[in-house]
Amino acid sequence: MSLTIGQPVPYLTAPATSQTEFNLDQLKGQFFVLYFYPKDDTPGCTTEGHDFNNLLSEFEQLNCKIFGISRDSIKKHENFKAKQGYNFELISDESEALCQLFNVIKLKKLYGKEYLGIDRSTFLINSEGVLVQEWRAVKVPQHAQMVLDCLSQITAS
């Protein structure tokens, strides 16, 4: 089963950087963005992280937290976060529980070989824990700004 817009996100926890745990219950009362990306230390994923990081204060002004998610380990995430200077947490989904919930694992092709990987996707969850917007098959340029613009519209209404 995968989530659809308008559905509440079920309770879940997952290990995150800074020796923390992503816990849905602790996020009640604020918006949050979950952006799924394929792999730490790759060009597109690094750029996407920088784009969200550069807009972080604007997201925070709208009472919204940002979380990046991939199947990389916490150790890899910690190194990636420190190297890039990200000021938000990265969630490790080695078990693929979050990936399955949000249905982001897709068949991909690289150099003629097929494999299962994360389809770059972003989800906006409101202060009641309900999925209000999703972006799939994301192209990195201007994406973080599009998410911020959507959040701005939602919080203004």
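The values are calculated or read from the model by the stated rules, or taken from the named source; none is laboratory data. This structure is a prediction, so every number in the text was calculated from the model and none was measured. So basically every Cβ, Gly included, is an ideal-geometry build from the backbone, and we count neighbours across all protein chains shown. Surface accessibility is based on the protein's heavy atoms, side chains included, excluding ligands, DNA and RNA. Shrake-Rupley method; radii C 1.70, N 1.55, O 1.52, S 1.80 Å.
Only one of (1) in contact (Cβ under 8 Å) with a residue 40 or more places away in the chain; (2) over 21 Å from LYS139 (Cβ atoms) fails for PHE52. Which number is that?
(2)
Identify all residues within segment 119-136 that are touching a Lys or Arg at 6+ places or on another chain (Cβ under 7 Å) and over 20 Å from LYS28 (Cβ atoms); write none if there are none.
ASP119, SER121
Which of the residues that make up segment 74-84 are in contact (Cβ under 8 Å) with a residue 40 or more places away in the chain and either of a type in the set (Gly, Ala, Ser) or open to solvent by 30 Å² or more (accessible area, probe 1.4 Å) (or both)?
Scanning segment 74-84 gives ILE74, GLU78, LYS83.
Enumerate the pairs (first residue in segment 104-120 and of a type in the set (Asp, Glu) and surrounded by 15 or more Cβ atoms within 10 Å (Cβ to Cβ); second residue anywhere and at pLDDT 85 or above and in a strand (DSSP E or B)) with beta-carbon separation below 7 Å, excluding pairs fewer than 6 apart on the same chain, so at least 6 apart or on different chains.
ASP119/LYS106
Out of THR4, THR42, THR47, I need the residue that is modelled with pLDDT under 95 and open to solvent by 50 Å² or more (accessible area, probe 1.4 Å). Which one? Break it down into steps so the answer makes sense when it comes.
Values: THR42 fails: open to solvent by 50 Å² or more (accessible area, probe 1.4 Å); THR47 fails: modelled with pLDDT under 95.
Going through THR4, THR42, THR47 in turn, the sole match is THR4.
Could you check segment 102-125 and list, in sequence order, the residues that are among the hydrophobic types (A, V, I, L, M, F, W, C) and more than 13 Å from the chain's Cα centre (by Cα)?
Once the filter is applied, which keeps residues that are among the hydrophobic types (A, V, I, L, M, F, W, C) and more than 13 Å from the chain's Cα centre (by Cα), segment 102-125 yields ILE105, LEU107, LEU110, LEU116.
Of all strands (runs of 3 or more DSSP E) completely enclosed by segment 104-157, which ones contain at least 1 residues that are modelled with pLDDT under 95? Explain how you work it out, then say what you get.
Values: elements: 105-110, 113-118, 121-125, 131-135.
Here the list reads 105-110, 113-118.
Yes or no, residue by residue, for (1) open to solvent by 40 Å² or more (accessible area, probe 1.4 Å); (2) farther than 23 Å from LEU12 by Cα; (3) polar (S, T, N, Q):
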position	(1), (2), (3)
ASN54	yes, yes, yes
ASP72	no, no, no
GLU94	yes, no, no
VAL138	no, yes, no
GLN145	yes, yes, yes
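Look at ASN87 and say whether it is among the polar types (S, T, N, Q), free of Cβ contacts under 8 Å to residues at least 60 places away in the same chain and in a loop (DSSP other than H, G, I, E, B).
Yes: the conditions hold for ASN87.
Here's a check for you: in segment 9-18, which residue that is out of contact with any helix residue (DSSP H, G or I) (no Cβ under 7 Å at 6 or more places or on another chain) and modelled with pLDDT of 95 or more is surrounded by the fewest Cβ atoms within 10 Å (Cβ to Cβ)?
Among them, the one singled out is SER18.
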